Structures are given as structure tokens and as C-alpha cells.
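Below is one structure, written out as C-alpha cells; comments come after it.
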Amino acid sequence: MKSTVEQLSPTRVKLNVEVPFEELSGEFDRTYKTLAQQIRIPGFRPGKAPAKLIEARVGRDSILAQVVNDALPAKYSQAVTETETNAIGQPEIDLAELVYGEPVTFTAEVDVRPEIELPDYSTLAVEVDAIETDEAAVDEQLEGLRARFGTLTGVERGAENGDFVSIDLAATVDGEPVDEASTEGLSHEVGSGQLIDGLDEALLGLKTGDTKVFTTKLVAGEHSGEDAQVTVTVNSVKERELPELDDEFAQMASEFDTVDELRESTRERVEQSKKLEQANAIRDKVLEELLAKVEIPLPEKVVDDEIEGQQHQIIHALGHDDEQVAKFLEAQGKTREEWDAEAREEAEKSVKTQLLLDAIADQQETEVGQDELTQQILFQAQRYGMQPQEFIQQLQSAGQVGAVYADVRRGKALAGIVSEVGVTDSNGAAVDTTEFFGDNDADDDADADSTDETSEN
């Protein structure tokens, strides 16, 4: 088989492929065996009819077309491998006229990963917010712990923020009931903002048995985006009584003997959480800096596919109903043109990010171990509330294991270069990134020492 590459643009190539007719002999044998099982020819048992009789029954041109159709994916993959083409996305294949006994020729246009010139990472500099001691966050954590051990007590007064109420809701649009926006016996924390707009304000001051009507805009269902009149009825009002924050509480709610020990442990957790937030900010800032400085040609077909994938999920969830899509956009306060423009902007950034991180991973020769891949799969399974084995089966069925591997490799590649970037905080102090991102210089020294020892031996 002969393959040549024609560069159409920095992100697209055309493969010109010629397959000698004799290379298809194996495919012809398999096709004849398959047809022999399917076709009934008098005097021959299933699978035993000679090729000549099958050819006479089906037609030589039809058999050739089937052979080429079956062989094409493998021949395309072979051409990609032989020409070392970094193909991304699906190819557009143009098959020349088939002539029995003559070479099969076809072209395949496909998007490819562009050549990306990466900078010297030591020339990059980013700034992140400094980590400040946050006693308010410590207090908030302790209040949350107290709330977990709080008790609810019924009260006769009107509802206040922080109270828990049991309520019935009944909604109407233009006087017609809306069943999906109505419910009974719903528990709700006043002031939490977890339900519909206007509810918390309507509940303030209401006592058990009180009813109030307010107007809100529905955000889901058949009447999404429309104003509804909602009647709320309060069945009960309860206030939460919190335990005292003392040594007795510390012993009950934690492994510590004193409230001071509990507070110090909470402070350490808050500080570690803020360090992790800062590490995430560093990673994001480094990525933003790279995207701003590096020229990355965009493969348009890949971008278009990304846009279609983003919008298809929403359109499919709305039943491919144009009216529902229009209501969805109205609820978002966007026109279709604005939605399309936002989708393109997000898709272009996503594709640029993937191409950039793949280039860094190739440069750094980043590898992903089985444990790292498994850990990511388990994390995603937990995130989607699925059993790991079930999630793995779905990934395999959808052919997405490779995509998870690529994501892990990209993240690891980005983390691997952070130590080379200059990082300061908003106070002007240098930030030590080794706790979360390691030290490439130390790794290089270790590799060098290992090489020296090997040479001496």
C-alpha cells in the first residue's frame, strides 16, 4: 500500500492512498465465507457454495464494493500510522471509481494536531491571591458542625431566616394549575434560597396555618420562563437550637477533648483547604498565561464537532422541540445567535486547551500509570453517583476510556511544568509550588545521579 500526505492547512491534511488489488485477497476470502453462509444455492450446504457461483448470484461489482467498504477503515488507519499523521476527528473519505482487478485508491481529508511552539516556561510569571488567616472561615466551619448536632423545636411565632418550615405549594399560570410546580409537606430552611425565587421573602413572618400568594418565574417544565402565582401554606415552624461550643461539645462531636484543640484542628483544615484553592488558582493562571502567549491554529471541523456536542446535549434533553429550545433561551436571557456565539467561544477555548496540553505532554514525555487512571475513573464514578464497575462499563461501551486517559495525561503535564513558572502572591511574596506540584529540578537531578551511577557501574 502506498500513502502520501498533502498539507492543506496547518490543521488539515489530505491522505492519498493506493491499495494494490492483491492486498485485498484476505478480505475477499472473508466476504465469500460470509456470503456463503447467507446465500442458499441448490445442491450446496450452507457455507459450501463455490466463490464463482456466489459471484454469479451476487455480482462481482457488488462483492468488490462490500470488500472495499469492509477494508476501508483498516486501510485508512494503516495510512495514518505509516505517514505518522496526528489525526484528530473523523476523516472525510472520497473513494475513486472501483474497477475489479485494479488498485483501489481513495483520499481522506482529516484534521491534525498543529505544530505548536512552546515557550520557555521560566519566562512565565503569574500572581495569585495570598493565603490569609481566616478566623471567619474557622467560625463558619464550627457553626456548621454545631448545626449538625442541633435540635429542632416547634415555635408559635412567625418564621425567621434559619427556621425550618413544612410547607405546601400550589402554582397556577393564567389561572390553570401547574402540577409539576405543586407539592405538599415539603421541608425547607427559610433564607437558604434553595427553592423558587420569592419563596423565602414570602415565608418571613408567616405562622403555622398561614397562607400567602406570591409571583415567581418558573425555570423548568412546560411553563418554563412564564410567571406563575404560587400559594404557600405553612404547616409548621421550627427553630434550630445549637449546642454550646465548649469542651463537652468537642468531645461529643470530634476526637478532641477540648474546644481549643477542635478549633486548632479546624483552623489547620481551613488553611489546607485555602492552600489547595491557591494551588488550583496557580494551575488555572498558568494555563491562562500559556493560552494567551502561545499561537494555536484551530482545526475548524473539530471546533464545529465540539459545538454540536455541547448544544446537542441540551437540545436532546428538550426533546428536539424548537418551542422548548426557544423557552430555554428566553429563560437564559439569550438569543439563538448569542447562544451560538457563546458555544463557539467555549468550544474554541476547549479545543485550544486540549491541543496545548497534548503538546506539553508530548514535550515532557508524560506517562500515565494504571493507578492514576483508575483513581480518576473512581473519582468520576463517585461524582456521578455510580458504582465504579458500572461506570467503567459505560466508559468502555462509549469508547471513552481513552478520553479519560487523555484528560489525566493533560492534567499531569500541566502540573509538571508549574514548578518552572514564577509564582508570586498578591503580597509580592514568592509561592513555593512544590507541595502540590513537585519539583522538576529535583527530579532532573535524581535522574542525572541515576545516570551517573549507571555509567560508573
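The values are calculated or read from the model by the stated rules, or taken from the named source; none is laboratory data. Everything quoted here is computed from the prediction, not taken from an experiment. Here Cβ is always computed from backbone atoms with ideal geometry, including for glycine, and neighbour counts include all displayed protein chains.
Among the conditions (1) in contact with a strand residue (DSSP E or B) (Cβ under 6 Å, 6 or more places away or on another chain); (2) of a type in the set (D, E, K, R); (3) at pLDDT 95 or above, D197 misses just one, which is (3). Within the stretch 127-171, the set of residues being in contact with a helix residue (DSSP H, G or I) (Cβ under 9 Å, 6 or more places away or on another chain), more than 30 Å from I282 (Cβ to Cβ) and of a type in the set (S, T, N, Q) comprises just one member, N161.
From the list I296, I282, which one is of a type in the set (V, I, T), touching a residue at least 12 places away in the same chain (Cβ under 8 Å), in contact with a helix residue (DSSP H, G or I) (Cβ under 7 Å, 6 or more places away or on another chain) and not in a helix (DSSP H, G or I)? Exactly one residue qualifies, and that residue is I296. Could you list, in sequence order, all residues of the stretch 156-176 that are out of contact with any Ser or Thr (no Cβ under 6 Å at 6 or more places or on another chain), surrounded by 12 or more Cβ atoms within 10 Å (Cβ to Cβ) and either of a type outside the set (A, V, I, L, M) or under 21 Å from G209 (Cβ atoms) (or both)? Scanning the stretch 156-176 gives G158, A159, E160, G162, D163, F164, V165, I167, T172. Within the stretch 194-204, one or more residues are of a type outside the set (D, E, K, R) and exposed (fewer than 13 other Cβ atoms within 10 Å of the Cβ). Scanning the stretch 99-124 for residues that are under 22 Å from N69 (Cβ atoms) and exposed (fewer than 14 other Cβ atoms within 10 Å of the Cβ) turns up V99, Y100, G101, E102. When P243 is tested against the conditions (1) part of a loop (DSSP other than H, G, I, E, B); (2) over 30 Å from E261 (Cβ atoms), the lone failure is (2). Candidates are the residues of the stretch 245-278 that are among the polar types (S, T, N, Q) and more than 30 Å from D432 (Cβ to Cβ); the one that is farthest from the chain's Cα centre (by Cα) is T258. In this structure, is A171 in a strand (DSSP E or B) and under 14 Å from T216 (Cα atoms)? In short, yes.
Taking first residues from the stretch 394-422 that are in contact (Cβ under 8 Å) with a residue 60 or more places away in the chain and partners that are basic (K, R) and surrounded by 14 or more Cβ atoms within 10 Å (Cβ to Cβ), the Cβ contacts under 9 Å between residues at least 6 apart in sequence or on separate chains come to L414/R283; A415/R283; V418/R283; V421/K285.
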